[in-house]
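**Student:** I'd like to ask some things about the structure below.
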Amino acid sequence: MSDTPNFHMTPKEFRRHGYAMIDWIADYYERIESYPVLSQATPGDIRASLPENPPEEGEPFEAIMADVDRLIMPGITHWQSPDFFGFFPANASGPSVLGDLLSSGLGVQGMLWATSPACTELETHMCDWIVDLLGLPTHFKSTSDGGGVIQDSASNATLCAVLSAREQATNYGVNRDGGNGKLVAYTSSQAHSSIEKAIKIAGFGTRQLRVIPVDDHFAMRPDVLEKQIREDLAAGLTPCFVCATVGTTSSLAIDPVPEIGRLCRQYQLWLHIDAAHAGTAALCPELRGIHDGIDLADSYCFDPHKWMFTNFDCDCFFVRDRSILINTLSILPEYLKNEATTSGAVIDYRDWQVPLGRRFRALKLWFVIRHFGTEGLRKYVRYHVALTRKFSDWVGSDGRFEFVAPPMLNLVCFRHIDGDKRTQEIMDRLNADGHMYLTHTKLNGRFTLRFCIGQVRTEEKHVVQAWERIQETTSKLEN
Ligand SMILES: *Cc1c(COP(=O)(O)O)cnc(C)c1O
């Protein structure tokens, strides 16, 4: 007989280290503004500080945490800082962190209803709640023919939409026989890179992805879309999928979904709406205009892990007809057969996504919605939008800057009138200085600063300071 190993953490030890960890995170949030927002590490720094080999013997937890402070923190960019204005936010709010911790503690695999009924049923319930919270069409509810599912990311939601469109267009023929090289998909030149990735994975061939040009406001041109669909039909191809974006990554442009949707109905194409960041705005009834035309969509996704104060990963993906999604992705090997599945009375979310295994993500969403309340969530969105308006007023009244796209929701895209070089200098100087962080994009080939206000800890004073810093840095560079 060999000795029973006893090196796992006992509940008593777990309690002690767990309390210390919560203290560590709370302290971190208290002192977060003392760090340079963008990590100042250079490539290879962090690895060079790590031991070459894994330890032979276990180490005390205190030693591990000391190394987190010493070795890891210098390589962290502080996404939770109120001075983080880059990309789109990746919010970690208190209730969400705790919900995620509980999910880790339970360690549930929610692939089937039977592997933890609460994991599935809370998720279904949260998705139905979201339909009401955002004012989405009721055919996205589980009580209709459609339904929602929590995916890890908008990228994977879009992939599931592309695969469903492919199978619908071929009567499940690609699943059975493989591709015929005739399927065509459409999106705009401003669409997120995940659309092209999904087309690659789905086997359309990237040449079969039509990149439709945009108008002056970076929104897809439906007239060009229709012309292209007609050309493809005339060439004997099979148009089957359109991805419209509500809130593009570069500038939060909104594609004309009503027109695009009408074309999709006319030519029988699957319409997917990618509202990864902007969707959260629909919490506020006065901002729901962003979703005009959504009734015409076959699927829709948005990321609570961006602007809805929920830790990554959490994307809500809705379909109008769940049977198409399930028929596209369902597989039932012997070892997963069980009575509940056979009865047809339950949802098995493994059939709604690419991987088999899945985390209990609905917990953190439930915690967030209950902690903030609908009104609380709306207050934050309204606050961020109001701060963004102020910020864009300041930009607009400073003759050294110009807007590159109309300010939208919580994003301002602007540049220095002297051009790309000066604009990039301003950004590099600000980010190296460490008091704030903002990122860039290119619009019509022009280097553009993106200033996004969506961090849950950001207050007016942070935005005021950021604007002062932008002005000071600009003045210094001009001298
Ligand atoms: C951020 C973003 C995505 C990708 O989001 P993930 O959830 O990280 O996959 C997709 N589309 C748009 C418009 C985005 O802004």
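**Student:** Show the residues, 5+ positions off or on another chain, whose built amide H is closer than 5 Å to the amide H of SER188.
**Tutor:** Distant-sequence amide H within range of SER188: ILE212.
**Student:** Further question: In whole Å, largest first, what are the principal axis extents of the Cα atoms in the chain?
**Tutor:** Sorted largest first, the three principal extents are 79, 59, 46 Å.
**Student:** Under a point spin-label approximation (7 Å from Cα along Cα-to-Cβ), what is the ASP223-PHE61 distance to one decimal in nm?
**Tutor:** Label at ASP223, label at PHE61, 6.6 nm between them.
**Student:** Per residue of the range 22-34, in order, report the coupling 6.51 cos²θ - 1.76 cosθ + 1.60 (Karplus, θ = phi - 60°) as ³J(HN,Hα) in whole Hz, putting x for Gly and Pro.
**Tutor:** 4, 4, 4, 5, 4, 4, 4, 5, 5, 10, 4, 6, 7
**Student:** Here's another thing I want to ask about it. Hey, fewest Cβ within 10 Å first, where do HIS17, HIS384 land in order?
**Tutor:** The most exposed by this proxy come first: HIS17, HIS384.
**Student:** A follow-up question, please. What Kirkwood hydrodynamic radius, in Å, does the range 1-157 give when the mean of 1/r is taken over all pairs of distinct Cα atoms and then inverted?
**Tutor:** So the Kirkwood estimate lands at 20.0 Å.
**Student:** Something else now. Where q = 0.10, 0.21 Å⁻¹, what log10 of I(q)/I(0) comes from the Debye formula for the range 334-479, counting one point per Cα?
**Tutor:** Rounded to two decimals, the profile gives -0.53, -1.26.
**Student:** Under a plain spin-label model, where a point goes 7 Å from the Cα along Cα-to-Cβ, how far apart in nm are ARG230 and GLU402?
**Tutor:** Placing both labels 7 Å along Cα→Cβ, they lie 3.6 nm apart.
**Student:** Here's something else I'd like to know. Can you run phi through the Karplus equation (6.51, -1.76, 1.60; θ = phi - 60°) for the range 305-317 and list ³J(HN,Hα) in whole Hz, with x for Gly and Pro?
**Tutor:** 7, 9, 10, 9, 6, 10, 4, 4, 10, 6, 10, 9, 10
**Student:** With all pairs of different alpha carbon atoms counted, what Kirkwood hydrodynamic radius in Å does the range 11-84 show?
**Tutor:** Across the range 11-84, the inverse of the average 1/r is 14.2 Å.
**Student:** How much net charge surrounds THR388 when only other residues with a Cβ under 14 Å from its Cβ are counted (Lys, Arg +1; Asp, Glu -1)?
**Tutor:** Once positives and negatives cancel, what remains is +1.
**Student:** Near ILE324, within a Cβ-to-Cβ distance under 11 Å, what is the net charge of the other residues, with Lys and Arg +1 and Asp and Glu -1?
**Tutor:** Result for the neighbourhood of ILE324: -1.
**Student:** Moving to a separate point now. What does the charge count near ASN444 come to, summing +1 for each Lys or Arg and -1 for each Asp or Glu among other residues with Cβ under 13 Å from its Cβ? All intermediate terms of the calculation are to be shown ahead of the outcome.
**Tutor:** Numbers: positive: ARG415, LYS442, ARG446; negative: ASP215, ASP216, GLU402, ASP420.
Net of charged neighbours comes to -1.
**Student:** Work out how far the C-alpha atoms of the range 300-420 reach from end to end along every principal axis, then list the three figures in whole Å, largest first.
**Tutor:** 69, 35, 23
**Student:** Give me a comma-separated list of calculated 3J(HN,Hα) values for the range 360-377, in order, Karplus coefficients 6.51, -1.76, 1.60 applied at θ = phi - 60°, integers in Hz, x for any Gly or Pro.
**Tutor:** Result, rounded to whole Hz: 8, 7, 4, 4, 5, 5, 4, 4, 5, 5, 6, 5, 6, x, 4, 5, x, 4.
**Student:** If you don't mind, there's one more thing I want to ask. Can you count the Lys pairs in the range 375-478 whose Cα atoms are under 25 Å apart, with each pair 8 or more apart or on different chains?
**Tutor:** 9
**Student:** When the Kirkwood hydrodynamic radius is evaluated over all pairs of different C-alpha atoms of the range 395-478, what value in angstrom, to one decimal, is obtained?
**Tutor:** Values: mean 1/r = 0.0766 Å⁻¹.
The Cα-based Kirkwood calculation yields 13.1 Å.
**Student:** Kirkwood Rh, Cα Rg: Rg to Rh for the range 108-359? It would help to have the intermediate numbers written out before the result.
**Tutor:** Working: Rg = 17.6 Å, Rh = 18.3 Å.
Rounded to two decimals, Rg/Rh equals 0.96.
**Student:** Computed over the Cα atoms of the range 241-297, what is the ratio Rg over Rh, Rh following Kirkwood?
**Tutor:** Result for the range 241-297 is an Rg/Rh of 0.98.
**Student:** OK, next. Stokes-Einstein diffusion coefficient for the range 168-296 at 4 °C in a medium of 1.567 mPa s, Rh from the Kirkwood formula over Cα pairs: what value in µm²/s?
**Tutor:** 86
Just so you know, all these numbers are worked out from the coordinates, no wet-lab data involved. Only a predicted model underlies this, so the values are computations on that prediction, with no experimental measurement involved. Note that each Cβ is placed from the backbone with ideal geometry, even for glycine, and that neighbours are counted across all protein chains shown.
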